[in-house]
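I have placed the structure first, in the form of C-alpha cells, so that the comments after it can refer back to it.
The values are calculated or read from the model by the stated rules, or taken from the named source; none is laboratory data. Because the structure is predicted, anything quoted here is derived from the model rather than measured. Here Cβ is always computed from backbone atoms with ideal geometry, including for glycine, and neighbour counts include all displayed protein chains. The accessibility values were calculated without ligands, DNA or RNA, using every heavy atom of the protein model including side chains. Shrake-Rupley method; radii C 1.70, N 1.55, O 1.52, S 1.80 Å.
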Amino acid sequence: MDETLGTALRRWRDRLSPLDVGRPSRPGRRAAGLRREELAELAGLSVDYVVRLEQGRATSPSAQVVASLARALQLEPVERDYAYRLAGLLPPQEGTISTHVPAGVQRMLARLGEFPVGVFSADWTLLSWTPSWSVLMGDPSARTHVERNLVRAVFTPGPSTLAAWPVLQEGDALKPALVADLRTALVGYPGDRALVGLVGELRSTSAEFTRLWDEGAVGRHISARKTIVHPQVGEVRCDCDVLTVPGCDIRLVVYTVAAGSADAEKLEFLRVTNGVRAGGSPPAGPGLFSTP
C-alpha cells in the first residue's frame, strides 16, 4: 500500500531527537522522537490539525503548511519534495527562492539559542527565529508572510512591521545593500514570481527604492552596528552579522553583545523575564524555532 502523508509525518517525527530542536530529553520521556504537541508548536500549527493530518482526516494542506512541517521536521530537500507530492502539491520549482532551512543549519542554531538569530530567505523574508530574537526584536509570529519581508518593512514601513521595536543603524548602508541583494536574487531566480512581484511593488510604492534600483546600487548586507530601542530596557546596542548558507541562499542574521557589558545584562534580563533559558529554549510553550 502506498505511503500517505500522515504515515510519513509520523515516521519523520519519531526519528527527530528533542535535542535537535533545542528541547531537553528528560529521563522517563516516553516518546522517542517529537511529540505531536512539539511538532505543532515548531510548525506554528494547532495540535488538532497535526493529529488530523497524521490520521488522514485532513487531506489538503496548503503549500505553506507543508513547508512549515518540512522545516520543523528538518527534512532533506528530497524528503521535502516527497512531502509535497504526498500532499498532492507540486514541489518548489527550480529557479525559485528556497524557504527550506537545512537540517544541519537548524541543529547548529539549536546550540546558538542564547543569541538572537533570524533566518531569512534570499528575498529577505523571515523564515525562523530563536526565542532570544523574539524577546529582543518583538515576537514576529503575529506578522503575516508579507509583513515578514525585511525589504518591504524598510522601504514601506507601516503599523505592522517586521520588528515590534525601533531598530536604529549606524550609517546609511542598509538600504543600498538590501536593494543590491534583491538585484542579485533576481539574477539568480528570474522565474520566482513572488520576487518579481516584490520588486515591482516596491518600485511603485517607494521613490527611494526606485532611485536606488535605477542607480544600480551595489553591496551586500553583511554586518552593522545596530541599536534596538526596547520598551522594557531602553537601548540595546548590538553587533549584527549576516552569514549566508552556500547552496540555498539562506541568511542567518545574528545579534551579539559584548560579554559583561551593560547591553549583555539587558539582553539577559529580557531572556529571564520572558522565560528563555540560557540554552535557548523556554521552559514551556514554543520550541526553539518559530515558523510561519
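Quick one: R237 ticks every box in (1) touching a Ser or Thr at 6+ places or on another chain (Cβ under 9 Å); (2) of a type outside the set (F, W, Y); (3) under 25 Å from E94 (Cβ atoms) except a single one, so which number is it?
(3)
Given (1) open to solvent by 50 Å² or more (accessible area, probe 1.4 Å); (2) over 29 Å from R203 (Cα atoms); (3) among the β-branched types (V, I, T), identify the lone condition not met by V66.
V66 satisfies every listed condition except (1).
Please pick out the residue among L90, L19 that is within 17 Å of Q106 (Cα to Cα) and surrounded by fewer than 15 Cβ atoms within 10 Å (Cβ to Cβ).
On the way: L90 fails: within 17 Å of Q106 (Cα to Cα).
Being within 17 Å of Q106 (Cα to Cα) and surrounded by fewer than 15 Cβ atoms within 10 Å (Cβ to Cβ) holds for just one of L90, L19, which is L19.
For L243, indicate whether it is closer than 27 Å to G138 by Cα, under 21 Å from the mean Cα position of the chain (by Cα) and either surrounded by fewer than 17 Cβ atoms within 10 Å (Cβ to Cβ) or of a type in the set (F, W, Y) (or both). Walk me through it before giving the result.
Working: closer than 27 Å to G138 by Cα: yes; under 21 Å from the mean Cα position of the chain (by Cα): yes; either surrounded by fewer than 17 Cβ atoms within 10 Å (Cβ to Cβ) or of a type in the set (F, W, Y) (or both): yes.
The answer is yes for L243.
With segment 122-237 as the region, which strands (runs of 3 or more DSSP E) entirely inside it contain at least 2 residues that are open to solvent by 40 Å² or more (accessible area, probe 1.4 Å)?
On the way: elements: 126-129, 167-169, 223-230.
Where strands (runs of 3 or more DSSP E) fall fully within segment 122-237 and carry at least 2 residues being open to solvent by 40 Å² or more (accessible area, probe 1.4 Å), they are 167-169, 223-230.
Considering only residues of segment 238-259 that are assigned to a loop (DSSP other than H, G, I, E, B) and either at pLDDT 90 or above or among the small types (G, A, S) (or both), which is nearest to T125 (Cα to Cα)?
Pass one, segment 238-259, residues assigned to a loop (DSSP other than H, G, I, E, B): 246-249, 257-259.
Imposing the further condition that a residue be either at pLDDT 90 or above or among the small types (G, A, S) (or both) reduces the set to 247, 257-259.
On the way: G247: 17, V257: 24, A258: 28, A259: 30 Å.
That would be G247.
Would you confirm whether or not segment 40-62 contains a residue that is open to solvent by less than 50 Å² (accessible area, probe 1.4 Å), in a helix (DSSP H, G or I), under 18 Å from T130 (Cα atoms) and among the acidic types (D, E)?
No, segment 40-62 contains no residue that is open to solvent by less than 50 Å² (accessible area, probe 1.4 Å), in a helix (DSSP H, G or I), under 18 Å from T130 (Cα atoms) and among the acidic types (D, E).
Among the listed residues A177, A142, A163, A153, identify the single one that is modelled with pLDDT of 90 or more and either closer than 19 Å to L267 by Cα or out of contact with any helix residue (DSSP H, G or I) (no Cβ under 8 Å at 6 or more places or on another chain) (or both).
Numbers: A177 fails: modelled with pLDDT of 90 or more; A142 fails: modelled with pLDDT of 90 or more; A163 fails: modelled with pLDDT of 90 or more.
Within the list A177, A142, A163, A153, the selection yields A153.
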